[in-house]
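The values are calculated or read from the model by the stated rules, or taken from the named source; none is laboratory data. This structure is a prediction, so every number in the text was calculated from the model and none was measured. As a convention, Cβ positions derive from the backbone with ideal geometry for all residues, glycine included, and neighbour counts pool all protein chains shown. For accessibility, only protein heavy atoms count, side chains too; no ligands or nucleic acids. Shrake-Rupley method; radii C 1.70, N 1.55, O 1.52, S 1.80 Å.
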Amino acid sequence: MNPVKIISASAGTGKTTRLARIISEHVANETARPEAVVATTFTKRAAAELAERARAKLLEAGEPEKAQRLQAARIGTVNGVCGALVQDFAFDQGLSPSVTVLDKDQADLELKRVGGQAMPADLLAEIGLLEERFGRNSWDWHAAAVEIVMFARTNGISGDRFSEMADASVASVLSLFSSETADAAKLDLALTQALALYPAAIDLGVDKTKTTATALRDIEAAKKKGVEKLTWSEWASLASSSFSKKSEVAAEPLVDAASAHHRHPRLKDDVRRATHAVFRSAQAMLDAYQAHKQRLGVIDFIDQETYALELLRKPEIRERLASEIDLVLV
């Protein structure tokens with residue numbers, strides 16, 4: 001078995017030239033059969049360039065027959081090489097050799113479409129309540145769920161593990177919060193009182209700044225809404241409100257009260273619920289998407305990679321490939 005060699009190189013340093021030379025040299029001295037070469041690149045253009053350069057070097061070396069045979073080599077993108085492998089051993093995976101492959105845009109579209117239809121009613125209701133708590137523009141649960149699906153699929157993690165992963169995520173996130181136990185009623189009362197006292201503490205005859213006028217409008221809106229109905233983004237906004245120099249001292253109780261939201265037990269509970277809701281959404285999306293692809297008889301780029309990995313884990317497949325492959329370059 002050939003040793004593994006790792007060469008570090010940044011962009012523009014001649015990686016393609018180096019790989020082309022390695023391929024042509026191994027093929028020319030017959031340490032690798034032309035059709036037994038596997039080489040992967042990031043783009044189709046790079047793959048085509050690599051294959052062309054390697055064939056050109058063989059032609060320059062007076063090896064036209066080997067240059068011709070190199071066209072049968074597995075040279076392409078990671079997905080291209082994996083896809084070819086899956087196609088070669090399709091029956092071993094229970095797939096059709098002519099299975100349709102969704103490109104990234106098609107896969108994203110199908111995931112969003114079937115994923116949106118897969119949400120249970122109780123989960124949608126929970127998400128709706130949490131959106132009101134965090135602010136609809138402050139919590140993109142759908143994007144988070146899609147990201148979980150992608151990471152899980154790429155790493156071979158099944159949806160039945162999402163519940164335990166949600167528990168681990170909750171523990172990790174809450175560890176970033178204050179460990180101090182706070183009383184929700186006291187925190188709400190402190191902010192309510194601060195919202196009521198600040199306007200009375202400002203002398204608008206002295207402080208006529210636009211900054212203070214804006215702060216007063218925000219405070220009046222918060223008072224009208226009521227502390228218990230404020231979103232967490234509104235709590236945070238009050239905590240970071242800007243005040244003129246003339247009114248900074250008067251604003252301190254308000255800033256202190258709003259800044260205590262990270263100790264609020266209601267926020268911690270909402271974070272816990274939101275995390276579980278996102279993972280539940282991800283599981284519903286994943287299950288629906290996998291079933292949808294199976295019904296249509298299609299796969300996507302991630303399937304190409306995961307199916308290829310599953311194939312390589314089978315001893316009988318590895319044995320067959322060992323006789324077919326002489327040189328692998330990535």
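Data for the structure
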item: Leu327, sole failed condition from (1) out of contact with any strand residue (DSSP E or B) (no Cβ under 7 Å at 6 or more places or on another chain); (2) open to solvent by less than 40 Å² (accessible area, probe 1.4 Å); (3) under 30 Å from Thr31 (Cα atoms); result: (1)
item: From Ser237, Ser259, Ser247, Ser241, residue being of a type in the set (Gly, Ala, Ser), at pLDDT 90 or above and open to solvent by less than 80 Å² (accessible area, probe 1.4 Å); result: Ser259
item: Filter result (of a type outside the set (S, T, N, Q) and under 21 Å from the mean Cα position of the chain (by Cα)) within region 297-320; result: Ile299, Asp300, Phe301, Ile302, Asp303, Glu305, Tyr307, Leu309
item: Condition met for Lys208 (free of Cβ contacts under 8 Å to residues at least 12 places away in the same chain and not in a helix (DSSP H, G or I)); result: yes
item: Qualifying residue in region 279-296 (condition: open to solvent by 70 Å² or more (accessible area, probe 1.4 Å), more than 30 Å from Ser175 (Cα to Cα), within 21 Å of the chain's Cα centre (by Cα) and not aliphatic (A, V, I, L, M)); result: yes
item: Flag for Asp218 being within 30 Å of Arg161 (Cα to Cα), part of a helix (DSSP H, G or I) and free of Cβ contacts under 8 Å to residues at least 24 places away in the same chain; result: no
item: Helices (runs of 4 or more DSSP H) within region 1-112 that include 3 or more residues surrounded by 14 or more Cβ atoms within 10 Å (Cβ to Cβ) and under 26 Å from the mean Cα position of the chain (by Cα); result: 78-88
